[in-house]
Amino acid sequence: MELLINSDLLNKCGSGASEYWFSYKDYSVRNIRDLDTGRKPEDMGQTTYFVSIGLIPFISISNEEIMRGFINEKGSNKLKSILDKIHGEEFIDTFWKYFNAYPELKDGIDEFSSKYIHQRIASWCDENNINYRFE
């Protein structure tokens with residue numbers, strides 16, 4: 001079996017959401033709302049139950065993570081130092097201010113983002129012994 005990594009699956013790992021779970025049983029990725037918890041013993045937590053039936057949390061990649069990777073690759077040491085001190089929504093707002101002000105950041109964010117997400121999913125699959133292929 002192989003996990004097919006296509007545009008739909010790429011969307012499920014974005015924005016840092018942890019609502020998707022991967023099933024080793026059928027190599028599908030499902031929303032947590034769609035998982036059956038009817039057989040879960042009352043004395044067992046939801047996460048423990050999901051793991052016991054062969055599910056693991058699907059990779060979650062936040063916009064901040066992608067932006068930090070982009071800055072680490074393309075930003076100057078001064079810019080990296082400034083942004084290393086900022087986190088969360090403040091980081092995202094500050095990133096866009098610097099993005100618009102620094103010409104060296106203007107090119108390549110879409111390509112970087114796509115490449116970064118593909119590499120992170122491939123690494124996640126390797127770490128979890130999941131066979132995969134890109135569409």
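The values are calculated or read from the model by the stated rules, or taken from the named source; none is laboratory data. What you are looking at is a predicted structure, and each value in this text was computed from that prediction instead of being measured. Glycine also receives a Cβ, built like all others from the backbone with ideal geometry; neighbour counts cover every protein chain displayed.
Within the stretch 86-135, how many residues turn out to be over 30 Å from residue 26 (Cα atoms) and surrounded by fewer than 13 Cβ atoms within 10 Å (Cβ to Cβ)?
Just the residues of the stretch 86-135 that are over 30 Å from residue 26 (Cα atoms), to begin with: 86-112.
Narrowing the set further to residues that are surrounded by fewer than 13 Cβ atoms within 10 Å (Cβ to Cβ) leaves 87-90, 93, 96-97, 100-101, 103-104, 106-107, 110-111.
The total comes to 15.
Check whether at least one residue in the stretch 33-49 is touching a residue at least 12 places away in the same chain (Cβ under 8 Å) and within 20 Å of residue 7 (Cα to Cα), and report yes or no.
Looking through the stretch 33-49, none of the residues is touching a residue at least 12 places away in the same chain (Cβ under 8 Å) and within 20 Å of residue 7 (Cα to Cα).
Just checking, does the stretch 9-19 include any residue being touching a residue at least 12 places away in the same chain (Cβ under 8 Å) and among the hydroxyl-bearing types (Ser, Thr, Tyr)? Don't jump to the end; show me each part of the working.
Here is the first cut: in the stretch 9-19, the residues touching a residue at least 12 places away in the same chain (Cβ under 8 Å) are 9-10, 12-19.
Narrowing further to those that are among the hydroxyl-bearing types (Ser, Thr, Tyr): 15, 18.
The answer is yes, given that some residue of the stretch 9-19 is touching a residue at least 12 places away in the same chain (Cβ under 8 Å) and among the hydroxyl-bearing types (Ser, Thr, Tyr).
Output the residue which, of all residues in the stretch 28-66 that are hydrophobic (A, V, I, L, M, F, W, C) and at pLDDT below 90, is farthest from residue 114 (Cα to Cα).
The residue in question is 35.
Report, by residue number, each residue of the stretch 93-115 that is in contact (Cβ under 8 Å) with a residue 12 or more places away in the chain and either basic (Lys, Arg) or outside any helix (DSSP H, G or I) (or both).
Those that are in contact (Cβ under 8 Å) with a residue 12 or more places away in the chain and either basic (Lys, Arg) or outside any helix (DSSP H, G or I) (or both): 102, 108.
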